Amino acid sequence: MQRIRLDERVEFSRIIHGLWRAAEWKLTDQELLHIIEECLEMGVTTFDHADIYGDYSCQKIFGRALQLKPSLREKMEIITKCGIKLISPKHPEHKIKYYDTSKEHILRSVDNSLQELGTDYIDVLLIHRPDPFMDPEEVAETFSQLKAQGKVLSFGVSNFSSSQYEMLQSYVDVPLVTNQIEISVMHVDPFVDGSIDHCQMKKIPPLAWSPLAGGKIFKSEDEKAVRIQNVLKEIAGELDIDSIDVVMYAWLFVHPSTIIPIVGSGKLERIRNAVTALSVSLTRQQWFEIWQASTGRQVP
Ligand SMILES: NC(=O)c1ccc[n+]([C@@H]2O[C@H](COP(=O)([O-])OP(=O)(O)OC[C@H]3O[C@@H](n4cnc5c(N)ncnc54)[C@H](OP(=O)(O)O)[C@@H]3O)[C@@H](O)[C@H]2O)c1
């Protein structure tokens, strides 16, 4: 499996496994450990978390599985995120959902992530969403502290526009290493809103969340989804591929910006489909057939 270097400290696998839905999978700790071990075996060594996933439960679920075999920690990279406060029975003090990128909140969230995941460092910490109330100086100071303490190796953002990214970067004294954004055949905006251009300019790999459009593409009957499904099926036929998810991943992999998809399934055969897609080469014309199906019109 190809490895992508983000800076002198951190390298990701070309495919990331995402734990957002881990609470829905209803796995035993042993079953989740099996998935983690199989991922590592396939070369998928990077795992994506956030403090809030599964109503604040997913980091703990992963941590319990990892505790069964703590030696696996050094074979993987862990991403986690902070900055969102959810309405949750676990936090009755949150009257509304809101963002918090204060030093106090980031430090508390990181300590909590370390404890729940059962690790003493996070490879990459992301600010989960752009916060309209963010004090970039305070975030930069917090990042420096976390790095000096060895609690976080590197930092990045998620769902930031290029200007929001550059604004934060101008305060942070180490290069931010990625922007995690929604990219899929159903959501092609980042190719035209400047997000991917910006990653290419900074030479950082974009991380694609919901690379299969959150699964909607498989069941949706809306016009756009059906149009895309038909083209995906046609191309899968041309390439002798059984499943359209392979084509969806291949569509991301062949793009020159080194998009790293975050696979959201807890089923091994579906994670394997992402790995299979690494060896599928779509032609430029096939890439644009999918583009055209997604945008609903011929390029100008
Ligand atoms: N930064 C952010 O704001 C943000 C936001 C959302 C997500 N994320 C990250 O991105 C990761 C991936 O997101 P995602 O879970 O939405 O990814 P996704 O891969 O687009 O969607 C996963 C969903 O698709 C279903 N699926 C996959 N293959 C299928 C198939 N062949 N047929 C039918 N259904 C299929 C899965 O069901 P099964 O489980 O049954 O396979 C699962 O429900 C998350 O885990 C999280 O780490 C980040």
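Taking trypsin sites (Lys or Arg not before Pro) as exposed when their DSSP state is a loop state and no more than 12 other Cβ atoms lie within 10 Å, the longest site-free interval of the chain runs over 98-202. Here the Karplus curve 6.51 cos²θ - 1.76 cosθ + 1.60, taken at θ = phi - 60°, turns the phi angles of segment 200-209 into couplings of 5, 5, 7, 6, 10, x, x, 9, 9, 8 Hz, with x standing for Gly and Pro. Using the 1.4 Å probe convention, the accessible area of segment 239-300 works out to 50 Å² per residue with neighbouring protein chains retained.
Taking the Cα atoms only, what angle lies between the long axis of helix 103-117 and the longest principal axis of the chain, rounded to 10 degrees? That works out to roughly 70 degrees. Counting only residues at least eight positions apart within a chain, or on another chain, the lysines with an alpha carbon under 23 Å from that of residue 219 are 26, 233, 267. Among 285, 229, 164, the largest mean-square fluctuation in a Gaussian network model of the chain (Cα springs under 10 Å) belongs to 285. Residues whose amide H lies under 5 Å from that of residue 46, counting only those 5 or more places away or on a different chain, are 13, 17, 77; hydrogens are built 1.01 Å from N in the peptide plane.
Here the average projected area of the convex hull drawn through the C-alpha atoms of segment 79-170 stands at 5.9 nm².
Treating each Cα of segment 205-291 as an identical point scatterer and summing with the Debye formula, the log10 of I(q)/I(0) at q = 0.16, 0.22, 0.25 Å⁻¹ comes to -0.59, -1.17, -1.48. The alpha carbon convex hull volume per residue for segment 1-61 rounds to 87 Å³.
The C-alpha atoms of the chain define a longest principal axis, and helix 29-42 lies at about 60 degrees to it. Rounded, prolate or oblate: which fits segment 1-105, taking a ≥ b ≥ c as square roots of the Cα gyration tensor eigenvalues, rounded meaning a/c under 1.5, else prolate when a/b beats b/c? Note, shape of segment 1-105 comes out oblate. Among the GluC sites (Glu not before Pro) in segment 1-66, those placed in a DSSP loop whose Cβ has at most 10 other Cβ atoms within 10 Å are 8.
Quick check: the angle from helix 284-295's long axis to the longest principal axis of the chain, C-alpha only, nearest 10 degrees? It works out to around 70 degrees. Across the chain, the convex hull enclosing all Cα atoms gives 139 Å³ per residue.
For a straight C-alpha distance cut-off of 16 angstrom, the aspartates and glutamates reachable from residue 85 (same-chain residues fewer than eight places away being disregarded) are 51, 55, 93, 100, 104, 111, 131. Here the average projected area of the convex hull drawn through the C-alpha atoms of segment 3-177 stands at 9.9 nm². Computed over segment 240-300, the quotient of the alpha carbon radius of gyration and 2.2 N^0.38 Å is 1.18.
The values are calculated or read from the model by the stated rules, or taken from the named source; none is laboratory data. Not measured: the values here are computed from a predicted model. Positions of Cβ are generated from backbone atoms using ideal geometry, with glycine treated the same way; all protein chains shown enter the neighbour counts. Calculation scope for accessible area: heavy atoms of the full protein, side chains included, ligands and nucleic acids excluded. Shrake-Rupley method; radii C 1.70, N 1.55, O 1.52, S 1.80 Å.
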